[in-house]
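The values are calculated or read from the model by the stated rules, or taken from the named source; none is laboratory data. Bear in mind that the values here come from a model prediction, so they are computed numbers and not experimental data. FYI the Cβ positions are ideal-geometry reconstructions off the backbone, even for glycines, and counts take in every protein chain you see. Just so you know, the surface numbers come from the protein's heavy atoms only, side chains and all, with ligands and any DNA or RNA stripped out. Shrake-Rupley method; radii C 1.70, N 1.55, O 1.52, S 1.80 Å.
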Amino acid sequence: MVRALALSAALIAATPVFAEDGKEAVTTFTLDNGMDVVVVEDHRAPVVQHMVWYRAGSADEPIGASGVAHFLEHLLFKGTDTLAPGEFSATVAANGGNDNAFTSYDYTAYFQRVAADRLELMMRMESDRMRNLRLSEEDILTERDVILEERNQRTENNPRALFGEQMNAAQYLNHRYGVPIIGWKHEMEELDMEDALSFYQTHYAPNNAILVVTGDVEPEEVRALAEQYYGVIPANPDLPERVRSQEPPHTAERRLTYKDPRVAQPYVQRSYLAPERNPGEQEKAAALFLLAELLGGSTTSYLNEKLQFDQQKVVYAGAFYRGVSLDDTTFDLLVVPAQGVSLQEAEDAMDQAVADFIAQGVNEDDLNRIKMQLRAAQTYARDNVDGIGNRYGRALTSGLTVEDVQAWPDILQAVTGDEIIAAAREVLQPEASVTGWLMRDDEVTQ
């Protein structure tokens, strides 16, 4: 009986922590040096994810040095004053954890997933490489070869990736989102020690970073450790304001054709410039998110039902909207023609289907079904400390707040069909679009 009571008590204790409104219990604070800290508790397993997010991605790179943010991400796994090259990841692995890093347009993030009692070790090592990176010329040459080979494998050898680069470059007339995250090859080949250290010394500072800790932790424990390891690092008093060149008005639709004999499946893609999620103002982004789900989010979406099953013009149709972005993002449509259907026929069918959807309005049963699926997915997402950390980190480095992240599910549920159609009419404008055809050299276009 005593054992049963003890087990019951353990199960009660081992639960995620939620606020009174049912949302994740998030504790936030800022260290004296300007570093923001976010703690999300979940005591169901003795595991913690420790993440440091820098408000510095590829869109923050100097002109002419594309790829340096991703290059620096690689270099941070080299040595420091106290760690030999490769020792960081080897130490994480020796303690039963795993680690990695990733770069995007608006951020660079580093993470370790370990047993909860190893959190202090992770903070000690991560804070060390925030300020004490030590590089040799050999490190520069080796890792430059590595990122060039990564570009060869992921981009140069992939016609879809090359096509996507061209689509982005055509979509953004003036903004750095038109430059690939990995960089243009000719600029990557010239990256050197000065480029890497300049980006590091400018952006890798506590007042440009967000620490996100999720899992089996207590907020006060995280605060004490963060102050001990990160709080002693001086802020960068010369941290530049995050100002980027902005897009001019888009007044002409653009088209491109990318031909490559390696293309296995030709397709049509349409990209529209679209607003992102903004702090305290996420309603339009929510309408666009649901528009993408309704049009092409699944095999039962409007475009698939009409073009794939009814008309048999395509074998796949999709719609995509990435709302978490510091600046204007895109709303994308994609259709893969069926056998014997030309790219022009597939494009025409897509345009007509979208026009019909806007004219008919949103089917309320479809909208309610998607909202129910989203509510379920958001509940299941609470079981993933990795997903939770990523959700908050991406949002905060893209200009959103913790309150915005927590309000998002309810904002989605409140969107009406009329608001979705209004967003579609506003965003799906030809003059703000790029239409691309990915095709083989011998592809028939008509």
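Of note:
Let's see how each residue does on (1) touching a residue at least 24 places away in the same chain (Cβ under 8 Å); (2) assigned to a loop (DSSP other than H, G, I, E, B):
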residue	(1), (2)
Pro234	yes, yes
Glu241	no, yes
Glu247	yes, yes
Arg255	yes, no
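- Count of the range 175-186 residues which are open to solvent by 40 Å² or more (accessible area, probe 1.4 Å), closer than 23 Å to Leu135 by Cα and in contact (Cβ under 8 Å) with a residue 40 or more places away in the chain: 1
- Check on Glu149, open to solvent by 40 Å² or more (accessible area, probe 1.4 Å), acidic (Asp, Glu) and outside any loop (DSSP other than H, G, I, E, B): yes
- Filter result for the condition that a residue is charged (D, E, K, R) and closer than 19 Å to Leu76 by Cα, over Glu156, Glu194: Glu194
- Residue identified as under 28 Å from Glu165 (Cβ atoms), of a type in the set (A, V, I, L, M) and more than 30 Å from the chain's Cα centre (by Cα) among Ala292, Ala274, Ala349: Ala349
- Residue count for the range 44-79 satisfying the condition of being at positive phi and open to solvent by less than 10 Å² (accessible area, probe 1.4 Å): 1.
- Neighbours by Cβ (under 7 Å, 6+ apart or cross-chain): first from the range 66-89, farther than 26 Å from Glu190 by Cα and of a type in the set (Asp, Glu); second open to solvent by 20 Å² or more (accessible area, probe 1.4 Å) and at pLDDT 95 or above: Asp81/Asn132; Asp81/Arg134
- Enumeration of residues in the range 317-362 that are of a type outside the set (Lys, Arg), assigned to a loop (DSSP other than H, G, I, E, B) and either within 29 Å of Gly178 (Cα to Cα) or without any contact (Cβ under 8 Å) to a residue 40 or more places away in the chain (or both): Gly323, Val324, Ser325, Leu326, Asp327, Asp328, Ala338, Gln339, Gly340, Val341, Ser342
- In the range 114-145, of all residues being basic (Lys, Arg) and surrounded by fewer than 22 Cβ atoms within 10 Å (Cβ to Cβ), the one that is farthest from the chain's Cα centre (by Cα) corresponds to Arg134.
- Selection within the range 98-113: residues that are polar (S, T, N, Q) and open to solvent by 20 Å² or more (accessible area, probe 1.4 Å). The member of this set that is nearest to the chain's Cα centre (by Cα) is Ser104.
- Scanning the range 293-319 for residues that are hydrophobic (A, V, I, L, M, F, W, C) and out of contact with any Gly (no Cβ under 8 Å at 6 or more places or on another chain) turns up Leu294, Leu295, Leu307, Phe309, Val314, Val315.
- The residues listed here are Thr91, Thr82; of these, the one that is part of a helix (DSSP H, G or I), open to solvent by 10 Å² or more (accessible area, probe 1.4 Å) and out of contact with any Gly (no Cβ under 7 Å at 6 or more places or on another chain) is Thr91.
- Any hit, the range 298-314, residues being in a helix (DSSP H, G or I), among the aliphatic types (A, V, I, L, M) and at pLDDT 95 or above: yes
- Failed criterion for Asp386 (all others in (1) open to solvent by 50 Å² or more (accessible area, probe 1.4 Å); (2) of a type outside the set (Val, Ile, Thr); (3) under 19 Å from the mean Cα position of the chain (by Cα); (4) more than 30 Å from Met167 (Cα to Cα) hold): (1)
- Residues satisfying the stated conditions in the range 127-146, i.e. of a type in the set (A, V, I, L, M) and assigned to a helix (DSSP H, G or I): Met130, Ile140, Leu141, Val146
- Some residue of the range 402-421 being in contact with a helix residue (DSSP H, G or I) (Cβ under 7 Å, 6 or more places away or on another chain), modelled with pLDDT under 95, surrounded by fewer than 17 Cβ atoms within 10 Å (Cβ to Cβ) and farther than 30 Å from Pro266 by Cβ: no
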